[in-house]
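A short worksheet on the structure shown next.
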Amino acid sequence: MKRSTLIESKIRAYNPKGDLAHTARLILAMCDVNHVSTKDHLERVALLAEATAKKLRKDAKAAFFAGLLHDAGKLLLPAQLFDGHNIDAVEYDNVKTHAQAGYKALKKLHMFTALCAGLHHNLYKAGYGLDRNAFPENWSPSTIKKVLEISTIISICDFVDAFNNRKTEIKDGSDKIEQPDLKSMLYTKYGDDKEVVDIILFLYKTCNFNTWTKHVSRTKSV
């Protein structure tokens, strides 16, 4: 089954409330115009995040749609920033705005997913994006906890997919540890979530990625 067909079948099966399915389809369609690599990334992260949430007995539906929309803010940035070239410091500062841009674009429609988009790059040291002040004051601790759990899954899946499918340099310093293999990088970035890291790496290696992703040869770069 083609990945795009699989994604559509899951959108229909989940049938979420509040027009979330329509928003997801719209974001993917917009990616097809100038951000095809972003679309591929969104789809892969959504599938890996969904599988991870199921393994952890978390909300797979929330993880799937958060994965599909986590980089929605990139659509508001020039496509050439994501064309595969090694970006400079100024370009990287521009790229980093995508997290908050995605949150702002989605928050009036889908607050939970918007928060995941805004937070997924700020769950590790030297991250960027939203902070805890973005949570609505009337939200319960359990709902906030769920957002953080799903955002963490998205964050790790995002890095794993980028590491395996992009050839550009890592910009967040993750490759500066003594032995910069993927697992070591993830353990350093997500020291409190090693169990989640292990599950995601296991799923990435064992799931049928013939329909999900195209592997590329790489060393330290993203």
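Among the residues making up the stretch 138-174, those that are over 16 Å from the mean Cα position of the chain (by Cα), within 19 Å of Ile87 (Cα to Cα) and small (Gly, Ala, Ser) are Gly173, Ser174. Only one of the numbered conditions (1) buried (at least 18 other Cβ atoms within 10 Å of the Cβ); (2) under 24 Å from Ala24 (Cα atoms) is not met by Tyr124, and that is (2).
Matching residues to (1) out of contact with any helix residue (DSSP H, G or I) (no Cβ under 7 Å at 6 or more places or on another chain); (2) of a type in the set (Val, Ile, Thr); (3) in a helix (DSSP H, G or I):
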residue: Met1; (1), (2), (3): yes, no, no
residue: Ser9; (1), (2), (3): yes, no, yes
residue: Pro16; (1), (2), (3): no, no, no
residue: Ile27; (1), (2), (3): no, yes, yes
residue: Cys31; (1), (2), (3): no, no, yes
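Looking only at the stretch 129-142, which residues are assigned to a helix (DSSP H, G or I) and either touching a Cys at 6+ places or on another chain (Cβ under 6 Å) or under 21 Å from Ala105 (Cα atoms) (or both)? Listed by number, the residues that qualify are Arg132, Asn133, Ala134.
Restricting the first member to the stretch 56-70 and to residues that are free of Cβ contacts under 8 Å to residues at least 24 places away in the same chain, and the second to residues that are assigned to a helix (DSSP H, G or I) and among the aliphatic types (A, V, I, L, M), the beta-carbon pairs closer than 6 Å and six or more apart or on different chains are Ala60/Ala53. When the residues of the stretch 146-169 are filtered to those that are part of a helix (DSSP H, G or I) and of a type in the set (Ser, Thr, Tyr), the one that is surrounded by the fewest Cβ atoms within 10 Å (Cβ to Cβ) is Thr152.
Condition check for Thr113 on (1) part of a loop (DSSP other than H, G, I, E, B); (2) in contact (Cβ under 8 Å) with a residue 60 or more places away in the chain; (3) closer than 28 Å to Gly191 by Cα: one failure, at (1). Being surrounded by fewer than 17 Cβ atoms within 10 Å (Cβ to Cβ), among the β-branched types (Val, Ile, Thr), over 26 Å from Val95 (Cα atoms) and at pLDDT below 75 holds for only one residue in Thr211, Thr219, Thr143, and it is Thr211.
Evaluation of Leu42 against the conditions (1) at pLDDT below 95; (2) closer than 21 Å to Val160 by Cβ shows that the sole unmet condition is (1). For Leu48, the stated conditions hold: it is in contact (Cβ under 8 Å) with a residue 60 or more places away in the chain, surrounded by 14 or more Cβ atoms within 10 Å (Cβ to Cβ) and touching a Cys at 6+ places or on another chain (Cβ under 7 Å). For first residues located in the stretch 85-96 and more than 19 Å from Asn165 (Cα to Cα), partners that are hydrophobic (A, V, I, L, M, F, W, C) and lie 6+ apart or on another chain with Cβ distances below 6 Å form the pairs Glu91/Leu81. Would you check if Ser184 is modelled with pLDDT under 95, in a helix (DSSP H, G or I) and either over 22 Å from Leu48 (Cα atoms) or of a type in the set (Ser, Thr, Tyr) (or both)? It is true that Ser184 is modelled with pLDDT under 95, in a helix (DSSP H, G or I) and either over 22 Å from Leu48 (Cα atoms) or of a type in the set (Ser, Thr, Tyr) (or both).
Taking the stretch 27-39 as the range and being surrounded by 13 or more Cβ atoms within 10 Å (Cβ to Cβ) and either under 18 Å from the mean Cα position of the chain (by Cα) or at pLDDT 95 or above (or both) as the test, the residues that pass are Ile27, Leu28, Met30, Cys31, His35, Ser37, Thr38, Lys39.
The values are calculated or read from the model by the stated rules, or taken from the named source; none is laboratory data. What you see is a predicted model, and the numbers here were worked out from it, not measured in a lab. FYI the Cβ positions are ideal-geometry reconstructions off the backbone, even for glycines, and counts take in every protein chain you see.
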